[in-house]
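Below is one structure; the comments refer to it alone.
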Amino acid sequence: MTLIDTHCHLDFPVLFKKHECLIENSINIGIRAIIIPAILAKRWDALINFTKKYPDFLYFALGLHPYFIAEHSQQDLMLLSGYLKQIKPIAIGEIGLDYYDNNLDKSKQHHFFEQQINIANMHQLPVIIHARKAHHDVIAILKKNNFKYGGVIHAFNGSFEQANEYMKLDFRFGVGGMITHPHAKHIRELAVNLPLESIVLETDAPDMPMYNQVTSYNSPENLLLIAQKLAKMRGISLEELGKQTTLNVVSTFKINIKAS
Ligand SMILES: [Zn+2]
């Protein structure tokens, strides 16, 4: 069986300090790869060096996360273009728009999101998108900039109409631990009804706690529980879910992993 965690912040201190053990456990339960999206320019070098230690298992995306918008500068965007001349991340991310927190400067977010979409277009890279209460504007910016390389909408919680818009733009949807929460009705409905070909798995560790989680942080090993839950909800085998979601990851990020 093959499972891929398409969104895990394994470089955050709470996970990084025990990453050797987490990676070993993850491999033992069938996790074949982990994708780590970036959040801040000052952490890119550490992230790149970390993934080098686990080739063909850890993959990185590079980008400027909207939640940390106050910390990004115009120079960071130039730096991103500079990095892309030398190294090839599997995607630009984590980028997007976050309207959930009113303290985040909206127009600065628009600027950074749009610039990074243009950079992704220029380098023919997919994107990993963080969007909270902002799908309308995210879709508008993708269309306005004629973005062609698709990607993943992380922790998607929009409408089915918005899902259709994203699918037309070659996007897939990250499904994670929220489906284990009985009250998360809409997310569970999406997870059951979106086409299997449009779904990828993610933990968002150390964030997005599982239902009844014992530890104070989420961990990549929970991907197996998420996959088991989703397979059961959709009435398919864990193997079938693992195989199709792996094919989806390979198709989105062009990484060379055999689905089994
Ligand atoms: Zn994230």
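A few comments on the model shown:
- Inverse of mean 1/r across different Cα pairs in the stretch 1-130, Kirkwood, Å: 15.3
- Here the peptides 198-206, 41-49, 13-21 are ranked by packing, the mean other Cβ count within 10 Å, and the order with the highest first is 198-206, 41-49, 13-21.
- Length added when fully stretched, residue 21-residue 239, from 0.36 nm per residue minus Cα-Cα: 76.0 nm
- Those residues of the stretch 23-58 whose amide nitrogen sits under 19 Å from the label point placed on residue 81, 7 Å along Cα→Cβ: 41-42
- Cβ-based net charge around residue 206, under 14 Å, with every Lys or Arg adding one and every Asp or Glu removing one: -4
- Using a simple spin-label model with pseudo-atoms 7 Å out from Cα toward Cβ, residue 254 and residue 29 lie 3.2 nm apart.
- With a cut-off of 20 Å on the backbone N, the residues of the stretch 56-80 near the modelled label site 7 Å out from residue 111 along Cα-Cβ are 63-80.
- Using a cut-off of 19 Å between Cα atoms, the listed pairs 88/144; 17/53; 42/133; 144/168; 18/52 include 88/144; 42/133 as exceeding that distance.
- All-pairs alpha carbon distance profile, the chain, 5 Å steps from 0, percent: 1, 6, 14, 19, 21, 18, 13, 6, 2, 0
- Computed lengthening from residue 123 to residue 102, 0.36 nm per intervening residue step minus Cα-Cα distance: 4.3 nm
- Restriction of the chymotrypsin sites (Phe, Trp or Tyr not before Pro) in the stretch 173-247 to DSSP coil positions whose beta-carbon has at most 11 other beta-carbons within 10 angstrom yields no sites.
- Ranking of 94, 24 by count of other Cβ atoms within 10 Å, fewest first: 24, 94
- Kirkwood-based Rg to Rh ratio, the stretch 42-114, C-alpha trace: 1.01
- Per residue, the convex hull volume that the Cα atoms of the stretch 124-216 enclose (Å³): 99
No lab work stands behind these numbers, since they all come straight from the coordinates. The model shown is predicted, which means the values in this text are computed figures rather than measured ones. Here the Cβ is made from the backbone with ideal geometry for all residues, glycine too, and neighbour counts use every protein chain on show.
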